[in-house]
Amino acid sequence: MNKRKSKAAAYLKNSQLLVPLIAILLLVVFNLIRDPGFFSVGLTTNNNGDPVLQGNLISILNGASELVILSMGMTLVTAASGGQDISVGALAAIAGSVFVKVLKSGGSISAPVVLGAFLLCCAVAMAFGAFNGSLVALFNIQPMIATLILFTCGRSIAYWINGGATPTVSSPIINAIGSFIPGIPIPTPILIVILMGILFALLFRFTTLSLYIQSVGINQSAARLNGINSVGIKLLSFVILGACCAVAGMIGVSRLGLINHETLLINIEMDAILAVAIGGNNLGGGKFKMIGSVLGAYAIQALTITLYAMKVPSTDVKAYKAVVIVLLVVMGSPVVKEAAGRLGTRLRASRRAGAGKGAA
Amino acid sequence: MKDGIVLTMRGICKRFPGVMALDRVDFTLRKGEIHALMGENGAGKSTLIKVLTGVYPKDAGEIHVDGIEEAISIRSPQEAQSYGISTVYQEISLCPNLTVAENMFIGRTEGKTVNWKAMEKRAGELLDSLGIPARPRQQLSSCSLAVQQMVAIARAVDTDCKVLILDEPTSSLDDKEVAMLFRLMRDLKARGVGIIFVTHFLEQVYEVSDRITVLRNGNLVGEFEVDKLPQVQLVAMMIGRELQNLSVIKKESGAASARREVRYEAKQLSSTESRPFDFYIGKGEVNGFTGLLGSGRSESVRAIFGADPVTGGEVTMDGKKIRVAKPLDAMKNGIAYLPEDRKRDGIIAELSVRDNIILALQVLRGMGHPISRAKAEEFADEYIEALGIKTASSDTPIGSLSGGNQQKVILARWLLTHPKYLILDEPTRGIDVGTKTEIQRLVLKLAEEGMSVTFISSEIEEMLRTCSRLIVMRDRNIVGQLTGDELTQSHVMHTIAGGGGDNE
Ligand SMILES: Nc1ncnc2c1ncn2[C@@H]1O[C@H](COP(=O)(O)OP(=O)(O)OP(=O)(O)O)[C@@H](O)[C@H]1O
Ligand SMILES: [Mg+2]
């Protein structure tokens with residue numbers, strides 16, 4: 001047998017990435033059987049005469065952007081605090097409203113204005129993240145309960161920011177953020193996701209954040225006795241998630257060119273939590289792999305697009321999604337994994353026994 | 001099955017990734033005997049027990065119990081329980097936020113409803129009959145580690161049990177509590193219960209047990225009757241060579257230590273958990289806190305390290321005034337602290353041995369200066385080698401190491417920071433005899449190189465062997481300091497108990 005191949009297989013077997021990878025693989029195979037051309041990517045020209053990539057694959061990658069970014073932050077909060085933030089959708093709506101508010105306040109929408117708007121909405125979202133984080137870290141409130149507050153009132157806050165209106169913004173810059181930068185055929189949200197991924201990779205590479213977050217999530221008392229500021233680390237994870245909300249909110253607003261505080265990224269918190277779970281991360285905190293959550297998020301988006309492509313009525317999509325997600329989560333559960341492991345051992349043993357007999 | 005035998009295990013094998021934890025091990029337990037299971041750290045004692053109680057599935061072998069013809073397979077602790085096999089695991093596995101009574105009966109109540117009154121009454125009776133100083137309605141976390149341990153034992157013996165397994169039950173108990181436990185064990189033995197007793201305390205083995213089974217590196221060395229196996233031979237069998245003579249360990253004289261420069265000094269230091277006390281330690285000195293459990297010895301050293309919120313006092317390090325409000329302050333000033341409760345305060349269970357070793361050093365270096373993977377690998381390998389840590393690799397999660405080896409990892413973590421002042425609270429808990437002497441030797445060597453060490457141990461002999469000064473505590477106050485000729489077993493016991501020998 002090829003040794004390198006079997007080593008990779010062994011690695012995958014024990015890896016938490018197995019489930020999201022299988023899920024994505026199944027969806028790909030399923031779609032290819034259904035429609036061999038499903039994933040074909042084509043180059044067309046858009047209204048502005050720029051070449052752009054098109055196809056289901058692109059729309060999956062593009063459409064998942066907000067979810068991927070949120071699940072990156074959610075991974076950290078989950079690992080550090082052992083709970084989930086259910087206010088990410090609401091917080092993204094707040095951030096989006098602030099973004100639009102700043103754009104509308106001045107005259108022309110120039111690059112510095114957009115940058116300023118983004119920085120301000122980032123700051124606001126991070127402040128709200130710090131609010132959530134301090135409830136969790138300082139007052140020891142369960143994360144779901146703590147973030148229930150902002151979940152409930154966040155969209156009202158977003159409503160107030162723009163005085164109840166749903167203002168629209170139109171500008172080539174906003175258009176570039178939401179769809180394509182002229183001359184670059186890849187949708188900008190995908191580029192932003194890649195940028196965020198690089199940022200996190202650098203953060204993990206050049207700081208000890210991941211070690212600290214895992215330590216705090218696994219054993220807070222021991223982490224404290226080793227000099228780690230566990231309150232600070234939990235707080236930080238919520239602040240980082242806040243920043244992710246701001247980025248997601250900005251993308252969401254730029255796609256449509258307007259802010260609708262009621263519908264922007266609605267119900268996305270559950271998908272973000274699911275992405276973390278499908279990615280094999282323990283929702284009780286501790287060890288994490290962000291790449292798992294990212295794959296989980298793409299799997300969820302691929303599923304959604306597949307269902308739409310199959311012309312499943314949008315009211316039924318949720319039900320279908322639920323069935324598949326139950327399967328995925330059960331597949332990743334320790335019980336099933338153990339049983340699969342035992343089955344594998346038995347199969348191998350019987351095969352070996354059979355081979356032995358054959359030789360004798 | 002032969003008469004009088006309650007349990008036999010034959011050819012038990014268990015493999016973990018990278019280690020053969022048990023390799024064709026046999027074990028026989030007779031009715032009404034106390035059977036000690038001995039071996040070095042990582043020999044496979046806990047694994048054998050976990051196979052027996054269904055925590056781990058075995059890879060091969062047979063288990064027979066009294067009264068059943070064919071070999072049985074045990075897939076869960078509940079199933080083991082139904083065969084009359086009860087266990088107290090090495091690491092206490094109760095729920096700290098439930099009451100004592102709830103902990104004793106949880107998951108074992110008959111029927112669907114819980115009769116709280118009856119449960120509490122039954123718990124109260126049981127606690128009384130065993131002489132355990134806890135109230136049924138008390139929250140478990142408010143009990144000392146020792147009492148928690150005894151509650152776990154009470155929970156195990158309350159069921160109709162034929163086989164009682166105690167995995168290092170005495171490592172956190174003081175002499176009085178050990179005596180109490182032994183009384184209980186003999187009681188159960190007289191009733192015909194077979195008891196499997198895992199410990200690293202040789203004297204205790206010779207005091208209570210009838211037979212000894214020795215494991216080494218997952219292999220069975222043999223089964224022996226206690227009277228026919230001299231202690232030296234037992235140790236040689238466990239570690240596979242002769243143990244170096246303990247008398248080689250030579251600590252410095254009290255007079256020498258008196259001449260030393262002061263390294264650390266605290267005046268009227270107090271924390272939320274400890275009363276104000278004065279304390280100092282010289283450069284290269286080894287001293288110790290002693291006293292009964294709950295006398296405040298652990299709380300005092302925790303105050304020094306800032307582990308509990310500090311409420312007052314003045315502290316100097318090498319003559320300079322310092323402020324220690326939290327552990328990081330202490331660490332930055334060169335103080336290291338190995339906590340008493342390794343599972344709660346020491347290990348980060350799911351992280352690798354490597355990450356656990358570098359953790360404290362990493363924190364000291366700061367968030368923006370991560371230790372490179374290669375460097376971490378190097379540090380980990382160095383200490384795995386130096387302390388003889390048994391692990392498949394430095395990538396293995398620390399939680400899957402044997403108890404004693406986890407302790408060594410935590411020790412490595414602090415040694416790696418090269419502290420000026422090292423505080424060790426029960427560093428040899430759960431450590432085998434061979435390694436115990438090595439750790440004592442290490443402490444003295446570090447002191448020779450100028451490190452100051454404060455040492456706490458429930459074993460007075462161990463303290464006497466290493467410390468040149470003992471601070472005796474009673475009821476959360478320092479009641480005496482012993483040096484030089486006063487450092488004898490009887491003198492220390494006397495001071496602890498409140499007789500003469502006080503310097504006050
Ligand atoms: N869950 C696990 N996963 C991987 N390896 C394990 C696991 N449990 C035990 N081991 C390994 O099996 C070996 C035997 O461990 P075991 O806990 O039985 O030792 P022990 O004799 O009880 O030691 P100690 O005196 O230190 O408690 C060790 O090398 C340990 O690292
Ligand atoms: Mg053990």
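Per this entry, A:ARG224 is not counted among residues that are farther than 21 Å from A:SER134 by Cβ, within 14 Å of chain B (Cβ to nearest Cβ) and either polar (S, T, N, Q) or assigned to a helix (DSSP H, G or I) (or both). A single entry from B:THR391, B:THR428, B:THR454, B:THR437 fulfils the requirement of being surrounded by fewer than 23 Cβ atoms within 10 Å (Cβ to Cβ) and of a type outside the set (Phe, Trp, Tyr): B:THR437. Taking segment B:425-458 only, how many residues are away from every other protein chain (no Cβ under 14 Å), under 13 Å from the mean Cα position of the chain (by Cα) and away from ligand 1 (no atom under 16 Å from the Cβ)? Number of matching residues: 3. The requirement of being within 15 Å of ligand 1 (Cβ to nearest atom) and touching a residue at least 12 places away in the same chain (Cβ under 8 Å) is satisfied by B:LYS45. Evaluating B:GLN78 against the criteria (1) at negative phi; (2) within 15 Å of ligand 1 (Cβ to nearest atom) leaves one unmet condition, (2). Of the helices (runs of 4 or more DSSP H) lying entirely inside segment B:338-420, those containing at least 1 residues that are in contact with a His (Cβ under 9 Å, 6 or more places away or on another chain) and under 30 Å from B:PRO169 (Cα atoms) span B:403-415.
Could you tell me which residue of segment B:394-409 is nearest to ligand 1 (Cβ to nearest atom), considering only residues that are surrounded by 23 or more Cβ atoms within 10 Å (Cβ to Cβ) and within 13 Å of another protein chain (Cβ to nearest Cβ)? Ranking the candidates gives B:GLN406 first.
Going by the structure shown, is A:GLY242 small (Gly, Ala, Ser), in contact (Cβ under 8 Å) with a residue 40 or more places away in the chain, over 18 Å from A:LEU61 (Cα atoms) and surrounded by fewer than 19 Cβ atoms within 10 Å (Cβ to Cβ)? So A:GLY242 does not fit the description; no. Among the residues of segment B:334-363, the one identified as over 23 Å from B:GLU426 (Cβ atoms), more than 7 Å from chain A (Cβ to nearest Cβ) and surrounded by fewer than 23 Cβ atoms within 10 Å (Cβ to Cβ) is B:SER352. Look at segment B:410-435: where a residue is over 22 Å from B:ARG241 (Cβ atoms) and within 16 Å of ligand 2 (Cβ to nearest atom) and a partner is modelled with pLDDT of 95 or more and not in a helix (DSSP H, G or I), sitting 6+ places away or on another chain with Cβ atoms under 6 Å, you get B:ILE410/B:LEU338.
Here is the figure for segment A:12-40: residues that are modelled with pLDDT of 90 or more and under 20 Å from A:PRO189 (Cβ atoms) total 1. Note on segment A:157-210: among residues that are polar (S, T, N, Q) and assigned to a helix (DSSP H, G or I), the one that is farthest from the other protein chains (Cβ to nearest Cβ) is A:ASN175. Taken over segment B:45-77, the criterion of being under 18 Å from B:PHE16 (Cα atoms), away from ligand 2 (no atom under 16 Å from the Cβ) and within 14 Å of another protein chain (Cβ to nearest Cβ) is satisfied by B:GLY54, B:PRO57, B:LYS58, B:ASP59, B:ALA60, B:ARG75. Out of the residues in segment B:62-108 meeting the condition of being touching a strand residue (DSSP E or B) at 6+ places or on another chain (Cβ under 9 Å), among the aliphatic types (A, V, I, L, M) and part of a helix (DSSP H, G or I), tell me which one is nearest to B:VAL19 (Cα to Cα). Residue satisfying both the conditions and the ranking: B:ALA80.
For segment B:296-333, the tally of residues that are out of contact with any Ser or Thr (no Cβ under 7 Å at 6 or more places or on another chain), more than 14 Å from chain A (Cβ to nearest Cβ) and under 29 Å from B:LYS445 (Cβ atoms) stands at 6.
When restricted to residues that are closer than 22 Å to B:ILE49 by Cα and more than 22 Å from the chain's Cα centre (by Cα), segment B:113-149 contains 0. Just one residue in the set B:LEU29, B:LEU37 is within 16 Å of ligand 1 (Cβ to nearest atom) and out of contact with any Asp or Glu (no Cβ under 8 Å at 6 or more places or on another chain); that residue is B:LEU37. Mind checking whether some residue in segment A:88-99 is assigned by TED's automatic domain parsing to the domain that holds A:MET270, surrounded by fewer than 24 Cβ atoms within 10 Å (Cβ to Cβ), of a type outside the set (D, E, K, R) and not in a loop (DSSP other than H, G, I, E, B)? Within segment A:88-99, not a single residue is assigned by TED's automatic domain parsing to the domain that holds A:MET270, surrounded by fewer than 24 Cβ atoms within 10 Å (Cβ to Cβ), of a type outside the set (D, E, K, R) and not in a loop (DSSP other than H, G, I, E, B).
If the condition is being of a type in the set (Asp, Glu) and crowded, with 24+ Cβ neighbours inside 10 Å, then segment B:20-56 contributes only B:GLU40.
Of the residues making up segment B:246-280, those that are modelled with pLDDT of 65 or more and β-branched (Val, Ile, Thr) are B:VAL262, B:THR272.
Assessment of segment B:150-157 against the conditions (more than 15 Å from the chain's Cα centre (by Cα), buried (at least 18 other Cβ atoms within 10 Å of the Cβ), part of a helix (DSSP H, G or I) and within 16 Å of ligand 2 (Cβ to nearest atom)) yields at least one matching residue. Here are some residues: B:GLU177, B:GLU223, B:GLU207, B:GLU203. Which one is in contact (Cβ under 8 Å) with a residue 60 or more places away in the chain, surrounded by fewer than 20 Cβ atoms within 10 Å (Cβ to Cβ) and away from ligand 2 (no atom under 16 Å from the Cβ)? Sole residue among the options that is in contact (Cβ under 8 Å) with a residue 60 or more places away in the chain, surrounded by fewer than 20 Cβ atoms within 10 Å (Cβ to Cβ) and away from ligand 2 (no atom under 16 Å from the Cβ): B:GLU223.
So, in segment B:78-98, how many residues would count as being within 14 Å of chain A (Cβ to nearest Cβ) and closer than 24 Å to B:LEU181 by Cα? Result for segment B:78-98: 2.
The values are calculated or read from the model by the stated rules, or taken from the named source; none is laboratory data. What you are looking at is a predicted structure, and each value in this text was computed from that prediction instead of being measured. Glycine gets a Cβ as well: all are built from the backbone with ideal geometry, and neighbour counts include every protein chain shown.
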